[in-house]
Amino acid sequence: EAGVTQFPSHSVIEKGQTVTLRCDPISGHDNLYWYRRVMGKEIKFLLHFVKESKQDESGMPNNRFLAERTGGTYSTLKVQPAELEDSGVYFCASSQDWGGASYEQYFGPGTRLTVT
Amino acid sequence: RKEVEQDPGPFNVPEGATVAFNCTYSNSASQSFFWYRQDCRKEPKLLMSVYSSGNEDGRFTAQLNRASQYISLLIRDSKLSDSATYLCVVNALDSNYQLIWGAGTKLIIKP
């Protein structure tokens, strides 16, 4: 069974440009999550989709970040315009269920974003 | 104060030794607890969930102390392949079960 995949694996862009990250969850997983790890800091939650709906987007840092999950399958995370502080590793995860300890989140390999 | 605090290490440990990691969390309403493992430049992977009564999985033992808001992970007979960063993670109903992550403890097993 294929795991969570993310594209691209690396992206280097200039400040002010736009970047779109893609995540394909494990087939059949309704729950999809985005996380970010800035260098030297802990992993931070960004948002959670249940199918195509945003269950929780309280972790999104500002309105330069837009996440979508049309059709409840893959998801995209767009950063527009990118700023230097957006650099980091963006992880996507998926799970069958959510809430409490009843689920395991499976992580993709991450997209390493560098904004110069 | 961080929501989940861990000693960043690194812990340099000889192969075969026993090593223990600790983690404290600030939200007394935290409900579920996990240890994740992350290899260098890789994604985090669930190592084990932590249950109130404590639990063991092979060489790994996890303990939870709700009164002290403290979680531990013990690795016995450490292997070279145990070298990684160990991340303490919690969630709570009052934060929509978001995973709240510690910054991780780096473990280096030496031959």
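Each value in this text was obtained by applying a stated rule to the coordinates, not by laboratory testing. The structure displayed is predicted, hence computed values, not measured ones. Cβ atoms come from the backbone with ideal geometry, glycine included; neighbour counts cover every protein chain shown.
Taking the criterion of being in a strand (DSSP E or B), within 13 Å of chain B (Cβ to nearest Cβ) and surrounded by 19 or more Cβ atoms within 10 Å (Cβ to Cβ), the residues of the stretch A:30-54 that qualify are A:Asn31, A:Tyr33, A:Trp34, A:Tyr35, A:Arg36, A:Arg37, A:Ile43, A:Phe45, A:Leu46, A:Leu47, A:His48, A:Phe49. Only one residue in B:Leu87, B:Leu107 is in contact with a helix residue (DSSP H, G or I) (Cβ under 9 Å, 6 or more places away or on another chain), of a type outside the set (Lys, Arg) and in a strand (DSSP E or B), so which one is that? Result of the check over B:Leu87, B:Leu107: B:Leu107.
Tallying residues that are assigned to a loop (DSSP other than H, G, I, E, B) and surrounded by 13 or more Cβ atoms within 10 Å (Cβ to Cβ) within the stretch B:16-53 yields 6. Of everything in the stretch A:42-55 that is among the basic types (Lys, Arg) and in contact with a strand residue (DSSP E or B) (Cβ under 8 Å, 6 or more places away or on another chain), the residue that is nearest to B:Val90 (Cα to Cα) is A:Lys44. Criterion applied to A:Ser27, A:Ser58, A:Ser11 was being part of a loop (DSSP other than H, G, I, E, B) and either in contact with a Lys or Arg (Cβ under 8 Å, 6 or more places away or on another chain) or closer than 20 Å to B:Val90 by Cα (or both), and the one residue passing it is A:Ser58.
Identify all residues within the stretch A:77-102 that are surrounded by fewer than 16 Cβ atoms within 10 Å (Cβ to Cβ) and either polar (S, T, N, Q) or outside any strand (DSSP E or B) (or both); write none if there are none. Result: A:Gln80, A:Pro81, A:Glu83, A:Leu84, A:Glu85, A:Gln96, A:Asp97, A:Gly99, A:Gly100, A:Ala101, A:Ser102. Screening B:Leu87 on (1) within 14 Å of B:Trp35 (Cα to Cα); (2) touching a Leu at 6+ places or on another chain (Cβ under 9 Å); (3) more than 12 Å from chain A (Cβ to nearest Cβ) shows it passes everything except condition (3). The condition (being more than 12 Å from chain A (Cβ to nearest Cβ), touching a Pro at 6+ places or on another chain (Cβ under 7 Å) and in contact (Cβ under 8 Å) with a residue 12 or more places away in the chain) is satisfied by just one residue among B:Leu80, B:Leu73: B:Leu80.
The residue that is surrounded by the most Cβ atoms within 10 Å (Cβ to Cβ), counting only those in the stretch B:68-97 that are under 14 Å from the mean Cα position of the chain (by Cα) and closer than 20 Å to A:Tyr103 by Cα, is B:Cys88.
Within the stretch A:60-68, does at least one residue satisfy the condition of being touching a strand residue (DSSP E or B) at 6+ places or on another chain (Cβ under 6 Å) and in contact (Cβ under 8 Å) with a residue 60 or more places away in the chain? Checked the stretch A:60-68: no residue is touching a strand residue (DSSP E or B) at 6+ places or on another chain (Cβ under 6 Å) and in contact (Cβ under 8 Å) with a residue 60 or more places away in the chain.
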